[in-house]
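What follows draws every value from the coordinates through simple rules; no lab data is involved. A quick note: this is a predicted structure, and the numbers were derived from the prediction, not measured. Counting neighbours? That spans all protein chains shown, and the Cβs are built from the backbone with ideal geometry, glycine included.
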Amino acid sequence: MDQRKMHGMWGSRWTFILAATGSAVGLGNIWKFPYIAGENGGGAFVLVYLVCIALVGIPVMMAEVLIGRRGRMSPINAMRYVTREAGLHSGWTSIGWMGVLAGLMIMAFYSVVAGWALNYVVEAGSGAFNGTSGEIAGGAFGEFLQDKSKLTLWHSLFSVMTLVVVAAGVTRGLGMVARVLMPFLFVVLILLLAYGFKNGDFGAAFNFLFDFKFDKLTWGGVLVALGHAFFTLSLGMGAIMAYGAYMPGHASLGRTIITVGLLDTLVALIAGMAIFPIVFGTPGLEAGAGPGLMFVSLPVAFGNMAAGQLFGTLFFVLVAVAAWSSAVSLIEPGVAWLVESKKFNRITATTALTLLAWLGGMGCIWSNNWLEDKPAGVYVFESLDFLTSQIMLPLGGLFIAIFVGWLMRRAIVCSEMDAEGHPLFDIWLFVVRYVSPILIAIVMILSLYNKFVA
Ligand code: PFF
């Protein structure tokens with residue numbers, strides 16, 4: 001069947017930009033970036049993260065979308081197509097397989113945290129934050145994390161929400177959501193930024209995020225920054241490759257991807273500058289608070305600002321929506337493959353994969369007490385996060401860069417980039433051939449060596 005009929009196609013370049021931004025902007029920007037920046041000492045970490053976005057993230061993102069558009073199929077089959085075209089061993093298809101697996105693994109913990117945001121919609125809406133302090137908000141969040149039935153309920157609800165959109169078809173199901181709600185998220189973040197500026201300790205937050213003190217940075221932190229560059233751009237696992245497959249042939253790849261990368265980075269920085277002034281301006285809150293950072297600091301802001309009940313509710317709705325439009329792209333690569341190659345219908349394929357990810361999420365909930373001082377044991381949440389963000393996504397990115405930089409025919413790469421004779425093309429190709437793979441390899445080897453051997 002014609003691929004266009006099987007999966008649909010974005011209406012225009014802008015629909016692609018919005019959908020790709022919808023995939024990129026999510027919990028990674030608003031929840032994860034501020035807390036890992038906090039845990040890794042702030043400034044120097046942020047600088048390394050920005051370097052990773054510029055020298056690895058955006059160039060590799062172009063390469064990944066390029067493969068998707070060339071192959072015009074699910075990541076597994078797109079990889080198969082470009083591998084055959086280049087006359088290579090079919091082992092290269094495993095980039096697609098690893099991506100499908102990574103997507104389900106990320107979805108498992110992603111949907112648990114998105115469930116936290118859903119719960120906070122109700123909390124904010126019912127006025128539970130009104131007049132709250134850092135201590136009370138911290139206590140309430142801690143209590144929530146012990147309530148396994150509540151966690152299960154919200155995790156399940158979020159899984160069903162994702163299922164519905166993916167089953168409806170990404171282009172049909174998602175185009176609308178992205179177009180209307182993404183701009184809203186931006187507006188509310190700016191509002192929070194203004195609140196932090198007026199009422200929090202903006203100067204301390206600014207110094208924390210942009211004062212580059214390298215003594216706080218470890219090799220482990222550098223790997224976290226690199227891994228996050230992949231995570232936040234939905235990179236290295238086929239999500240953005242699948243979206244590239246639905247991209248119209250005439251849209252300029254370079255400019256499009258740069259727009260997506262810049263929007264994503266902007267949202268992360270604004271989220272950081274909205275959250276940290278409150279953290280530093282409120283006694284009892286600390287920057288290294290871990291995964292609970294946003295869920296403790298923002299209730300304090302909303303609980304004490306004019307119309308905070310309304311804005312708080314709206315904010316957590318938007319976080320949930322941002323997570324929603326990202327989660328969809330986590331499941332899509334596997335679904336597209338089941339539909340193409342195994343002749344599943346979309347609904348069955350989506351249900352099967354969502355169920356698998358849901359089970360992983362239940363593992364996160366049951367294996368974790370979410371406390372800071374954990375006794376020795378297996379923690380599914382932390383393990384999934386580490387394996388995907390710090391191993392699978394960077395490895396996927398490394399192989400994609402090598403594939404496009406070294407193994408695909410230059411003429412094909414050039415024509416897909418629509419960059420005949422463009423001076424930036426050569427610079428990009430140089431980065432994808434040398435800079436990105438070497439950086440990924442060095443960071444992975446050194447930090448894993450330090451973690452497990454030294
Ligand atoms: N980019 C998303 C975020 O920052 O929340 C998470 C994500 C979505 C990662 C899709 C990977 C992916 F394929």
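Worth a mention:
- Two-decimal log10 I(q)/I(0) for the stretch 285-369, as the Debye equation yields it once each C-alpha is a single scatterer, q = 0.16, 0.19, 0.21 Å⁻¹: -0.84, -0.96, -1.03
- Distance between the stretch 100-170 and the stretch 387-447 - C-alpha centres, whole angstrom: 35 Å
- Exposed loop sites here mean GluC sites (Glu not before Pro) with a DSSP loop assignment and at most 12 other beta-carbon atoms within 10 Å; the chain contains its longest site-free run at 1-371.
- When the pairs 150/198; 32/343; 216/451; 32/342; 148/451; 150/451 are compared against a 25 Å limit on Cα-Cα distance, 150/198; 32/343; 32/342; 148/451; 150/451 fall above it.
- Restricting the calculation to Cα atoms, the chain shows an Rg/Rh of 0.96 when the hydrodynamic-style radius is the Kirkwood one.
- Per residue of the chain, the DSSP helices (runs of n ≥ 4 H) give a summed -39500 (n - 2.57) that works out to -24000 deg cm²/dmol at 222 nm.
- Student exercise, the stretch 1-76 dipole from Lys, Arg, Asp, Glu Cβ charges, in Debye to nearest 20: 400 debye
- Cut-off of 10 Å, at most 12 other beta carbons, DSSP loop: longest stretch of the chain lacking such trypsin sites (Lys or Arg not before Pro): 1-341
- If only the Cβ of Lys and Arg carry +1 and only the Cβ of Asp and Glu carry -1, the dipole of the stretch 371-454 around its Cα centre is close to 320 debye.
- The Cβ shell under 13 Å around residue 230 holds other residues with a net charge of -2, Lys and Arg each +1, Asp and Glu each -1.
- Under the span-like rule (Cα at least 27 Å along the axis, Kyte-Doolittle mean at least 0.5), DSSP H helices of the chain: 94-125, 148-168, 170-199, 253-281, 308-341, 346-367
- Its alpha carbons give the stretch 48-117 an Rg and a Dmax of 15.1, 47 Å.
- The stretch 1-74 and the stretch 295-346 have Cα centres spaced 16 Å apart.
- Of the residues 260, 191, 30, the one whose Cα sits farthest towards the positive end of the charge dipole of the chain is 260 (charges of +1 on Lys and Arg Cβ, -1 on Asp and Glu Cβ, taken about the Cα centre).
- Charge-dipole axis of the stretch 245-398 as Lys and Arg at +1 and Asp and Glu at -1 on Cβ define it, positive-most pick from 279, 345, 325: 345
- When you filter the chymotrypsin sites (Phe, Trp or Tyr not before Pro) in the stretch 180-271 for DSSP loop state and at most 15 other Cβ atoms inside 10 Å of their Cβ, you are left with 212.
- Since only 411, 388, 229 are under comparison, the one whose Cα sits farthest along the positive direction of the charge dipole of the chain, derived from C-beta charges on Lys, Arg, Asp and Glu, is 411.
- Cα-Cα separations in the stretch 104-255 greater than 25 Å, expressed as whole percent: 54 percent
- Residues 122, 56, arranged from fewest to most other Cβ atoms within 10 angstrom of their Cβ, appear as 122, 56.
- In this simple spin-label model, placing a label point 7 Å from the Cα along the Cα-to-Cβ direction at both residue 207 and residue 126 gives a separation of 4.1 nm.
- Taking the Cα centre of the chain as origin and assigning +1 to Lys and Arg Cβ atoms and -1 to Asp and Glu Cβ atoms, the resulting dipole is close to 1420 debye.
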